[in-house]
Amino acid sequence: MAKSAAELNEALAEAVVDMDEDAVAELANEVVDQGYDALEAIDQGLAKGMDKAGKLFEEEEYFVPELLMCSDAVNTGIDILKPHIKMESAGEKHKIVVGVIEGDTHDIGKNLVKVMLSSANFDVVDAGRDVPPAKFVDLAVQEGAQIIMIAALMTTTMDKIGDTINLIKERGLEGKIKVVIGGAPISPAFAKKVGADAYSINANAAVRIARDMLGC
């Protein structure tokens, strides 16, 4: 008997936490074969599994090797599901720069945000991992982006986010380029402290925030 969409999403989340790439691939293909919503499978399955893995990392039950294996499983699922996402096509495309702050190379959260934003008809400029503050600002100016979304997973890299925001102010771009931040160690209080325009708890929230900021 075929699994429901909800059952497959739950199984995907569990497979990510179990670091089981083969199971993720099998389940993602089943989502496609059954004609279920690929974007929902990413959001409610893969992303939820990665969120749980992130919590296990914070609780020191998982360490960097486990987190990387969970990340590999997520990427396997995204590769299968992404071509089947129903893209929104209406309206003007707004540019958003996304990246992981300098000193941090964990990019699974950034990749999820990129997928969700792209599917919502945003033009996403991927700055990559280990991105210095100046590169974020330079890219946003060069590309005409109104929003920079910055991810951090390690507490040791968080201060660089503040450096990016300060650089925006120094260049007289405050209000013209907004900054949204997120990641495991980030909180609304930290976002307020460094002067970020918004805090995003997950990839879905990032889309809502971008729409609110750009009025689209």
With θ set to phi - 60° and the Karplus curve 6.51 cos²θ - 1.76 cosθ + 1.60, what are the ³J(HN,Hα) couplings of the stretch 190-195 in order, to the nearest whole Hz, using x for Gly and Pro? 5, 4, 5, 4, 8, x
Taking all protein chains in place and a 1.4 Å probe, what share, in percent, of the accessible surface of the chain do carbon and sulfur account for? 48
What is the distance, in nm, between label points placed 7 Å from the Cα along the Cα-to-Cβ direction at Glu88 and at Asp138? 3.2
Could you tell me which label, among (i) 17.2, 61; (ii) 19.0, 63; (iii) 18.6, 58, carries the value of Rg and Dmax of the Cα atoms in Å calculated for this structure? (i)
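Using a Förster distance of 22 Å, how high is the FRET efficiency between Ala6 and Leu214, based on the Cβ-Cβ distance and rounded to 0.05? Please list the in-between numbers first.
On the way: r = 32 Å, r/R0 = 1.44.
Plugging the Cβ-Cβ distance into 1/(1 + (r/R0)^6) gives 0.10.
Restricting to DSSP loop positions (anything but H, G, I, E, B) with no more than 12 other Cβ atoms inside 10 Å of their own Cβ, which GluC sites (Glu not before Pro) remain in the stretch 63-159? Show your work: numbers first, answer last.
Working: sites: Glu66, Glu88, Glu92, Glu102, Glu143; in loops: Glu88, Glu92, Glu102.
Answer by residue number: Glu88, Glu92.
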Span from the the stretch 159-216 Cα centroid across to the the stretch 83-139 one, whole angstrom: 13
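The values are calculated or read from the model by the stated rules, or taken from the named source; none is laboratory data. From a predicted model like this one, the values you see are computed outputs, not experimental measurements. Methodologically, a virtual Cβ is constructed for each residue, glycine included, from the backbone with ideal geometry; neighbour enumeration extends over all protein chains shown. With ligands, DNA and RNA removed, areas are computed over all heavy atoms of the protein, side chains included. Shrake-Rupley method; radii C 1.70, N 1.55, O 1.52, S 1.80 Å.
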